[in-house]
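Quick notes on the structure that follows.
Computed from the coordinates by the stated procedures, all read-outs in this text should not be read as laboratory data. In this text, all values refer to a predicted model and were calculated from it rather than measured experimentally. Cβ sites come from the backbone with ideal geometry, for glycine too, and all protein chains shown count toward neighbours.
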Ligand code: TXE
């Protein structure tokens, strides 16, 4: 069966292009999927435009749209095992992590399903007895949703669920490396009763299948999660037609540990912060900032435990984390570590591909790596390596910690570890980042906004603002006693 989904029909690429997907954990073939080009993307945009301009979905009562999302949530739960397996084969991620993701994805659909019905008109008090004024929230139109490979269906759900809740139609372009959960989502949306043309799926490379989405005059909005360079390019392209743009471009997230932090928990979570999913997490705590007096003891323990982390494929139940997504990405991570060492960082552990375990030989594995004595000027500190690489910097006091934490072009997430709650609040209020954890790392809920300050992007996903991204407010004024004003008489 073909893999592109356009106007409610499964279709192959016009030029018959295909791509082979291989599992990053061992290189084994997963499937061959259709690979769209620009002409396929144009067809998908036309289908979404038609469904928006002529179809019933934008005018469907919000509560009914919400009910459909709740049905999708139930279908996601029903197909959790199948979806988790597909996602693990595409990403190499441990099956158990994919299973957690599927629960989060169903919750995301459930959250926006309920929220859809709660957003009503806003009556404005004008102080004028002869006027009624209200603001209604309409869908933006045709949305291009471009998503990455690290949390394929999760990132997709954060866009698809609010876009549908608000009454939009869309063209989804997932990462060319991880298409399978998106394909299955299209099936579930149809099964739940979504009208043809509302959801369209294009598979293919960014430059070929994705770029036309930012350019096309019939697309009203682009929501993108991915790398900074691609985000900059998309934003520049979208300017040509003044599209609405939302960007989530990753981070270089500080994990700040004061000497009075709970040692055991802070060490444990410093590992989770950076090594979860081998660092391929936009909010990864890749910059460890440790108070000087705690530095040696803390880093020794982090290094001791990092050496014990077991790597393995999706179905290895002993594995604690998996491979990187591709050979190209592995090479990028290696280059960052090499640059860090050349610039004076001290390698405490890792810094190499694993050797000696035949089960890892054909995958894109990289050992958990700790680089100590790093400085803010190093490229491995400033740029997103997006791998299992922890850089360590020391700080002297609160001001120094805040200065180092904010010394980055990014501003997505970060954490503060201290037993002094007043200090925690002071530091949090000075951090220029979108999500801050106090004595924790990584939790998020669909009810709370997610997104970045500075070059981590703009716009928010999740929470009420995550729905508002996909709405256009329209002010309607009604003069209840029309009469000439005589301004020009
Ligand atoms: O991302 P790209 P890549 C960061 C991370 C990583 C780097 C590059 O640092 O090493 O980005 O990863 C589509 N027009 N993040 O190359 O290229 C592409 O097909 C339209 C952070 O994988 O940004 C895919 O669907 N679309 C991040 C999506 O953009 C284009 C998650 C993301 O790919 C396009 C992933 C174009 N011209 C990587 N070029 C996060 N924020 O979580 C590419 N794409």
In whole µm²/s, the translational diffusion coefficient that Stokes-Einstein assigns to segment 289-331, given a Kirkwood hydrodynamic radius over C-alpha pairs, 10 °C and 1.306 mPa s, equals 124 µm²/s
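Average projected area of the Cα convex hull of segment 201-240, in nm²? Please list the in-between numbers first.
Working: hull surface 11.6 nm².
Directional mean of the projected Cα hull area for segment 201-240 stands at 2.9 nm².
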dims of segment 226-385, Cα set, principal axes, largest to smallest, nearest Å -> 54, 41, 31
If I fit a long axis through the Cα atoms of helix 421-430 and take the longest principal axis of the Cα atoms of the chain, what angle between them do I get, 0 to 90°, rounded to 10?
60 degrees
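May I ask you to compute the full-extension gain from residue 100 to residue 14, defined as 0.36 nm times their residue separation minus their alpha-carbon distance, rounded to one decimal in nm? Write out the running numbers ahead of the final one.
On the way: separation 86, 0.36 × 86 = 30.96 nm, distance 3.66 nm.
Gain on extension, residue 100 to residue 14, equals 27.3 nm.
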Least to most buried among 477, 57, by other C-beta atoms within 10 Å and fewest first, runs 477, 57
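Among 461, 383, 373, 317, which comes first, second and so on when ranked by fewest other beta-carbon atoms within 10 Å?
Values: 461 25, 383 17, 373 14, 317 8.
In increasing order of surrounding Cβ atoms, one gets 317, 373, 383, 461.
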When the Kirkwood radius is taken over all Cα pairs of the chain, what Stokes-Einstein diffusion coefficient follows at 25 °C and 0.890 mPa s, in µm²/s?
104 µm²/s
Fewest-first ranking of 349, 143, using other Cβ atoms within 10 Å as the exposure measure:
349, 143
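Rounded to the nearest 5, what is the percent of antiparallel bridges among the DSSP beta bridges in the chain? Please report the intermediate quantities before stating the final value.
Numbers: 27 of 64 bridges.
Counting DSSP beta bridges with both partners in the chain, the antiparallel share is about 40 percent.
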Tilt of helix 263-275 relative to the longest C-alpha principal axis of the chain, in degrees (0 to 90, nearest 10)?
60 degrees
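How do 197-205, 103-111 rank on mean C-beta neighbours within 10 Å, highest first?
For the peptides 197-205, 103-111, the packing ranking is 197-205, 103-111.
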Give the Debye-formula value of log10 I(q)/I(0) at each listed q (0.16 Å⁻¹), with one equal scatterer per alpha carbon of segment 48-98, two decimals each.
-0.67
Which angle from 0 to 90°, rounded to the nearest 10, does the C-alpha axis of helix 62-78 make with the longest principal axis of the chain?
40 degrees
Rounded to the nearest 0.05, what FRET efficiency is calculated for residue 31 and residue 53 with R0 set to 45 Å and r the Cβ-Cβ distance?
0.80
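Averaging sequence separations of C-alpha pairs under 8 Å and six or more residues apart, then dividing by the length of the chain, give the relative contact order as a whole percent. Before the final figure, lay out the partial values.
Values: 1120 pairs, mean separation 86.8, N = 489.
Computed over the chain, the figure is 18 percent.
What does DSSP give for segment 102-250 in terms of the percent of beta bridges that are antiparallel, rounded to the nearest 5?
Working: 3 of 20 bridges.
Given both bridge residues lie in segment 102-250, the antiparallel proportion sits at roughly 15 percent.
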When the Cα centres of segment 32-51 and segment 55-80 are compared, how far apart do they sit, in Å?
23 Å
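Tell me the mean residue ellipticity at 222 nm calculated for the chain from its helices only (DSSP H runs of n ≥ 4, each -39500 (n - 2.57), averaged over every residue, nearest 500). Don't skip to the answer; put the middle values down first.
On the way: 15 runs with 183 residues, N = 489.
Only helices count here, giving -11500 deg cm²/dmol.
At a temperature of 4 °C and a viscosity of 1.567 mPa s, determine how fast segment 1-97 diffuses translationally according to Stokes-Einstein, using the Kirkwood radius over alpha-carbon pairs as Rh; express D in µm²/s, rounded to the nearest whole number. Walk me through the numbers before you get to the answer.
On the way: Rh = 16.2 Å.
It diffuses with D of about 80 µm²/s by this estimate.
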Can you give me the C-alpha center-to-center distance between segment 248-275 and segment 303-334, rounded to a whole angstrom?
19 Å
